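J.: Here it is: the structure, laid out below.
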Amino acid sequence: MTDHNYLLEKIKQFCDYQERCIMDIKNKLYEWNVQPAKIEKIILELQKTDFINEERYVKAFASGKFRINKWGKNKIINEMNKKQIPDIYIQIGLHEIDDEEYLNTLKEIISKKDATIKISNPEKRMQKLAAYVISKGYSRGIVWKVLNETI
């Protein structure tokens, strides 16, 4: 097996484990000390055979981070930006998140966190709740709207 074929098979195994984006592939190949020209060639081959697909990746990433990790859209966007995902794909990924499910998840997070807060001052309690869910990637506007409706 040639060096190129060996690398291609090895990176395919890396992709088999979970959906990967182009940056994940590049980073792994750089770790293996593969030269940039070879990296580009391998990525093109993976794209041609639909082994990697940015659209498929963002859909899996956005829905997974939302449903499993309960991340808000801002955090999902930031993480995809770190992976140099183009904006058009980021928007496609965000469309995987149902608006009603998003609101219900936000309410659920607030409710669970509220049960753990020992502060009795209502204003400080709301600020603590808001800070927590904003840190999970939910936007200030929607957070305060939900807090004012539910608490």
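J.: In this model, which of 59/113; 112/136; 70/128; 59/112; 38/59; 73/118 are farther than 22 Å apart at the alpha-carbon?
T.: Details: 59/113 28 Å; 112/136 14 Å; 70/128 18 Å; 59/112 27 Å; 38/59 28 Å; 73/118 28 Å.
Among 59/113; 112/136; 70/128; 59/112; 38/59; 73/118, the Cα-Cα distance tops 22 Å for 59/113; 59/112; 38/59; 73/118.
J.: A follow-up question, please. Between the range 103-148 and the range 1-60, what's the alpha-carbon centroid distance in Å?
T.: About 40 Å separates the Cα centre of the range 103-148 from the one of the range 1-60.
J.: Give a quick list of trypsin sites (Lys or Arg not before Pro) in the range 47-151 that DSSP marks as loop, anything other than H, G, I, E or B, with at most 16 other Cβ atoms within 10 Å. Spell out each step's value before the answer.
T.: On the way: sites: 48, 56, 59, 65, 67, 70, 73, 75, 82, 83, 107, 112, 113, 118, 124, 125, 128, 136, 140, 145; in loops: 70, 83, 118, 136.
Answer by residue number: 118.
J.: Let's test this: bin the Cα-Cα distances of the range 99-150 at 10 Å from zero up to the farthest pair and state each bin's percent.
T.: So the P(r) values, bin by bin, are 25, 63, 12, 0.
J.: Could you identify which residue out of 58, 133, 34 has the top mean-square fluctuation in a GNM of the chain using Cα springs shorter than 10 Å?
T.: Its mean-square fluctuation being the largest, the pick is 34.
J.: Relative to the longest principal Cα axis of the chain, at what angle does helix 54-67 sit, 0 to 90 degrees, rounded to 10?
T.: Helix 54-67 sits at roughly 30 degrees to that axis.
J.: Based solely on its DSSP helices, what 222 nm [θ] is calculated for the chain when runs of n ≥ 4 H residues each add -39,500 (n - 2.57) and the sum is averaged over all residues, nearest 500 deg cm²/dmol? Present the calculation step by step, with values, prior to reporting the outcome.
T.: Details: 9 runs with 111 residues, N = 151.
That comes out to -23000 deg cm²/dmol.
J.: Rounding to the nearest 20 debye, state how big the charge dipole of the range 99-150 is about its Cα centre with +1 on each Lys and Arg Cβ and -1 on each Asp and Glu Cβ. Present the calculation step by step, with values, prior to reporting the outcome.
T.: Details: 10 positive and 7 negative charges, 80 e Å.
Its charge dipole is roughly 380 debye.
J.: Here is a follow-up. In a Debye calculation with equal point scatterers on the alpha-carbon sites of the chain and no solvent, what is log10 I(q)/I(0) at q = 0.08, 0.12, 0.19 Å⁻¹?
T.: -0.34, -0.62, -1.05
J.: I'd like the Karplus ³J(HN,Hα) series for the range 110-125: coefficients 6.51, -1.76, 1.60, θ = phi - 60°, whole numbers in Hz, and an x wherever there's a Gly or Pro.
T.: These are the phi-based 3J(HN,Hα) values: 4, 4, 5, 5, 4, 5, 9, 7, 9, 7, 8, 5, x, 5, 5, 4 Hz.
J.: In debye, nearest 20, what is the charge dipole magnitude of the range 16-151 about its Cα centre with +1 on Lys and Arg Cβ and -1 on Asp and Glu Cβ, if you could check?
T.: 720 debye
Here, each number is a calculation from the coordinates, and none is a lab measurement. This is a predicted model, so every value here is computed, not measured. Note that we place each Cβ from the backbone using ideal geometry, even for glycine, and neighbour counts take in every protein chain shown.
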